[in-house]
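Worksheet: the structure to be examined is printed underneath.
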Amino acid sequence: MRPPPDLPSGTKHDILKLLIRQELAADDLAARLGVSGAAVRQHLDTLRALGLVERRKVVTQPSRPTYLYRLSPDGQRAFPKRYDLLLALVIESLLDRYGERGMAEVVAAAAERLAARVKGRFASADERRRWDLLLGWLEEELAWQADAREEGDGWRRVVIHQCPFQDVSRDHPAVCGVFFRTLVEALYGAVPVEHRPESPPACCSLRIAAAPPPSRPA
């Protein structure tokens, strides 16, 4: 999944907000915004070029078709949604019904399902390549922002600044740990992972062993 595109500002942003609710012709948009039809059509051409708006032709008169404009899938994704609020309510409901352990099992199952979508692309990579793929995929899939660095004792530390559980983790920090530990194990390897909250603006950090621990002799 690609990260959502940036929203333009000014009249273009106003056009997109109107198109959230319904399809509209350029003349309708011009009347609602109090600008000329020519200016609106120019903005619409730019928004179409950016992939935020699409149109369909409606024949109202044989010699003069009308185009109705609407948000494209990328245009819909560009507007922020309160997934954080919904997620917090889901987590609280899971805690009420199943307790801490049951909630953790559901979060882990969600992480395993997410990992299953892309597990194949990690399978043939060596350890270093698999680590780079993991960081790149997390940024692409979850739109997270994080700093990763090597530590001298054979561990890597990842400080997460933009986390999909940013709001939820304030009250339920275990959610981040369960989710990311499961993802790391599924996509990178069965290595020890330590999770801890961080001071704002960071959300939390992961301390991940660079390789699985050596097996003990029988």
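The values are calculated or read from the model by the stated rules, or taken from the named source; none is laboratory data. No experiment lies behind these values; they were computed from the predicted model shown. Because the Cβ atoms are built from the backbone with ideal geometry, glycine has one as well, and the counts that use them run over all protein chains shown. These accessible areas exclude ligands, DNA and RNA; they are computed on the full protein's heavy atoms, side chains included. Shrake-Rupley method; radii C 1.70, N 1.55, O 1.52, S 1.80 Å.
For (1) loosely packed, with under 13 Cβ neighbours inside 10 Å; (2) in contact with a strand residue (DSSP E or B) (Cβ under 7 Å, 6 or more places away or on another chain); (3) in a strand (DSSP E or B), each residue gets a yes or a no:
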| residue | (1), (2), (3) |
| --- | --- |
| Lys17 | yes, no, no |
| Leu29 | no, no, no |
| Ala38 | yes, no, no |
| Arg41 | no, no, no |
| Asp45 | yes, no, no |
| Thr66 | no, yes, yes |
| Gln76 | no, no, no |
| Leu86 | yes, no, no |
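Number of residues in the stretch 194-214 that are open to solvent by less than 20 Å² (accessible area, probe 1.4 Å) and within 16 Å of Arg130 (Cα to Cα): the value is 2. Every condition in (1) open to solvent by less than 90 Å² (accessible area, probe 1.4 Å); (2) of a type in the set (D, E, K, R); (3) touching a residue at least 24 places away in the same chain (Cβ under 8 Å) holds for Glu100 except the one numbered (1). Scanning the stretch 124-149 for residues that are over 15 Å from Leu183 (Cβ atoms), open to solvent by 40 Å² or more (accessible area, probe 1.4 Å) and among the small types (Gly, Ala, Ser) yields one hit, Ser124.
Of the residues examined, Gly75 is not one that is among the small types (Gly, Ala, Ser) and without any contact (Cβ under 8 Å) to a residue 40 or more places away in the chain.
Count of the stretch 151-193 residues, restricted to those that are without any contact (Cβ under 8 Å) to a residue 12 or more places away in the chain and either buried (at least 20 other Cβ atoms within 10 Å of the Cβ) or touching a strand residue (DSSP E or B) at 6+ places or on another chain (Cβ under 8 Å) (or both), is 1. Taken over the stretch 152-181, residues that are at pLDDT 85 or above and over 19 Å from Ser199 (Cβ atoms) amount to 6.
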